[in-house]
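Worksheet: the structure to be examined is printed underneath.
Every read-out reported here was derived from the displayed coordinates using simple, explicitly stated rules and does not represent laboratory data. In this text, all values refer to a predicted model and were calculated from it rather than measured experimentally. Neighbour counts run over all protein chains shown; Cβ positions are idealised from the backbone, glycine included.
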Amino acid sequence: MNIYVGNLSFNVTEDELKEAFGEFGEVTTVKIITDGYTGRSKGFGFVEMTNDAEAEAAIKELNSSSLKERSITVNQARPRTDRPRRKPRY
């Protein structure tokens, strides 16, 4: 199951996120989304877990919990929709 994690501190690392979700089961991938120009975190990411029951438990327990002094939002990720690419701002 793919899980959305929002309101992340800009200092949270992928390893820290994997550790938090790893308490509930096997984590296959972790990806914190970063800005393409600066490389800075955009404050959200995705965690993928192999077992749906473990993923549901992680969502239930971690939603609205504190990670690096920020209350994080955790829920099942929605499928990505096709969106037109935005023109870059100069």
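Restricting attention to region 29-60, report how many residues are over 13 Å from Leu8 (Cβ atoms) and either of a type in the set (A, V, I, L, M, F, W, C) or part of a loop (DSSP other than H, G, I, E, B) (or both). Let's see the steps before the verdict.
So in region 29-60, the residues over 13 Å from Leu8 (Cβ atoms) come out as 29, 35-39, 48-60.
Next, from what is left, pick out any that are either of a type in the set (A, V, I, L, M, F, W, C) or part of a loop (DSSP other than H, G, I, E, B) (or both): 35-39, 49-51, 53, 55, 57-59.
Summing the residues that are over 13 Å from Leu8 (Cβ atoms) and either of a type in the set (A, V, I, L, M, F, W, C) or part of a loop (DSSP other than H, G, I, E, B) (or both) in region 29-60 gives 13.
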> Taking Ser64, is it among the hydroxyl-bearing types (Ser, Thr, Tyr) and crowded, with 17+ Cβ neighbours inside 10 Å?
Replying inline: no
> Across region 1-21, what is the number of residues that are out of contact with any strand residue (DSSP E or B) (no Cβ under 7 Å at 6 or more places or on another chain) and surrounded by 15 or more Cβ atoms within 10 Å (Cβ to Cβ)?
Replying inline: 1
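State whether the residues of region 72-82 include one that is assigned to a strand (DSSP E or B) and charged (D, E, K, R). Show your work before the answer.
Initially, region 72-82 is screened for residues assigned to a strand (DSSP E or B), giving 73-76.
Restricting the remaining residues to those that are charged (D, E, K, R) gives none.
For region 72-82, residues assigned to a strand (DSSP E or B) and charged (D, E, K, R): absent.
Select from region 6-24 the residues that are assigned to a helix (DSSP H, G or I) and charged (D, E, K, R) and write down the one among them that is nearest to Met49 (Cα to Cα).
Initial filter on region 6-24 (assigned to a helix (DSSP H, G or I)): 14-22.
Filter once more, keeping what is charged (D, E, K, R): 14-16, 18-19.
Details: Glu14: 14, Asp15: 14, Glu16: 15, Lys18: 10, Glu19: 12 Å.
It comes out as Lys18.
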> Pick from region 42-61 the residues that are under 11 Å from the mean Cα position of the chain (by Cα) and of a type in the set (Gly, Ala, Ser): which of them is nearest to Ala77 (Cα to Cα)?
Replying inline: Gly45
> In region 70-90, what count of residues is obtained for those that are more than 16 Å from Glu19 (Cα to Cα) and either touching a strand residue (DSSP E or B) at 6+ places or on another chain (Cβ under 6 Å) or touching a residue at least 12 places away in the same chain (Cβ under 8 Å) (or both)?
Replying inline: 7
>> Cβ-Cβ under 6 Å, sequence separation 6+ or interchain: first residue in region 1-25 and touching a residue at least 24 places away in the same chain (Cβ under 8 Å), partner surrounded by 14 or more Cβ atoms within 10 Å (Cβ to Cβ) and among the charged types (D, E, K, R). Which pairs?
In response: Asn2/Glu48; Asn7/Arg70; Ser9/Arg70; Phe24/Glu54; Gly25/Glu54
> Limited to region 34-49, what total is found for residues that are touching a residue at least 12 places away in the same chain (Cβ under 8 Å) and surrounded by 12 or more Cβ atoms within 10 Å (Cβ to Cβ)?
Replying inline: 8
